[in-house]
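Q: Dropping a structure here in C-alpha cells format, bear with me for questions.
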Ligand SMILES: Cc1ncc(COP(=O)(O)O)c(C=O)c1O
C-alpha cells in the first residue's frame, strides 16, 4: 500500500478502530491493553462517555466562532483551570508546542519590558518542548534539531537537576529572563529530579526577577498524582504550559500565567484561529469535571504504587533492570541496554508501551486503568523484560 502521508513517523504495523477505557481494538478486532494513552493524552481512557457527550452536545450547538468574539465555554474553562492551578490567566492554543511558543514569547516580552534587548531563557539538557522552530531550539536533543539550523537564539542550556549550573548561568549572563523546565522529563527518559529541585528554581527566580516557566504538557492534568506536578512542591510557577491530557484527545493547549507574567501579553501580541474554540473547551471542561467526579488523580498514585510493586517483585532479581522510577502514573523502567525492540515485542503480546532515551521503557497508562488491567500489565511486561534481557 502506498501512503501519501509524509514519512515523518515510523509507524507500528497496527491500525486501531475503537477503544474503551484502557482497551483498544484493531481492524481485526484484536484487543490490546493501552499502557501509553496516546503518549499521556487519553488520561480518561478511550471513548469516555462524559467527553463523548460533551463533544456531541457542543457540536450540535456551535463548533467555532472566532476569538474576535466572547466565547462562554472558553471563559468557563479558564475559570476552572485558574481555580485548580492557582495561576491568574490563560492563553489557549491547539498543541503543546504552541503553548510553549506562547510562554517563550511571553518571556521575551517580559525581558524587553525590563530593557533587555536579547532576552535568553535557561533550558535543560535532555528536555523536550516541541517541534516548532522555537520549541525545538529550546529542546535538549540534537536529533530533534539536526537539519533545521539555524536554531532560534536566546536559549542557554544547563544539565537537568543541577541547581549550581542554573546559578552559574544566571551569574554569567545578564540577558537571562526565565527558566523553562519540565517537572519530570518525559521524552528525555522519565527523569525525576530531586524533591526540592523546583523549590530551588522558584527561589532563584524570585531572587533574580526571572520567570519560572514549567512545561507540564506531559506531567499535567493528574498524571503524576496531583493535578499539576508543581503541586507536589507547594510552589507556584509564573508560567505553566499544558496540552496532551487537557482535551483527552481533542487538540487543546494552554499557557497559564500568574502575577507579573499575567500582564505581559496584551491585545495584538499573540493569537490563534482555533485556540480555545468551543469544541475543544467543552471537551476539556468534561475532562476536568470527570477527574474530580471519579477521584482519578488520588487513585492514580495508588494504582502507580501497585504497578511499581508488582514490577519490582517480578524484576527484583534481574540485574539488567537498573531502576524502576515513577511519580503517579508516569513511569520509567531503565534497562542496561537499548530496548526499542521491546515496543514491537509488546505489541505482539497486545500491550502498548514506549521506549525513551534508548534504554528506558515508558509507561503512561490511562488514569482509569482498573485492577484487572493492572495485573495484566504487570504480568505481560515483566515476562517481556525477562525474556528480552536474558536473550543471548
Ligand atoms: C514536555 C512536552 N512539551 C511539549 C511537547 C509538545 O507537545 P505537542 O506535541 O502537543 O506540540 C511534548 C510532547 O511530547 C512534551 O512531552
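Q: Quick one: if you stick a label point 7 Å off each Cα along the C-beta vector at residue 53 and residue 209, how many nm between them?
A: 5.1
Q: Follow-up. Could you sort 261-268, 199-206 so that the peptide with the highest average Cβ count within 10 Å comes first and the rest follow in order?
A: Packing proxy ranking, top to bottom: 199-206, 261-268.
Q: Among DSSP bridges having both ends in the chain, what percentage is antiparallel? Round to the nearest 5.
A: 65
Q: While we're looking at this one, here's another question. Tell me the relative contact order for the chain as a rounded percent, counting alpha carbon contacts under 8 Å between residues six or more apart.
A: Rounded, it is 22 percent for the chain.
Q: To continue, here is another question. Taking 0.36 nm per intervening residue step and subtracting the Cα-Cα distance, what contour gain separates residue 9 from residue 267 on full extension?
A: Between residue 9 and residue 267, full extension yields an extra 89.2 nm.
Q: Pop a pseudo-label 7 angstrom from the Cα along the beta-carbon direction at both residue 358 and residue 305 and give the gap in nm to one decimal.
A: 3.6
Here, each number is a calculation from the coordinates, and none is a lab measurement. Since the model is a prediction, treat every value here as computed from it, not as a measurement. Because the Cβ atoms are built from the backbone with ideal geometry, glycine has one as well, and the counts that use them run over all protein chains shown.
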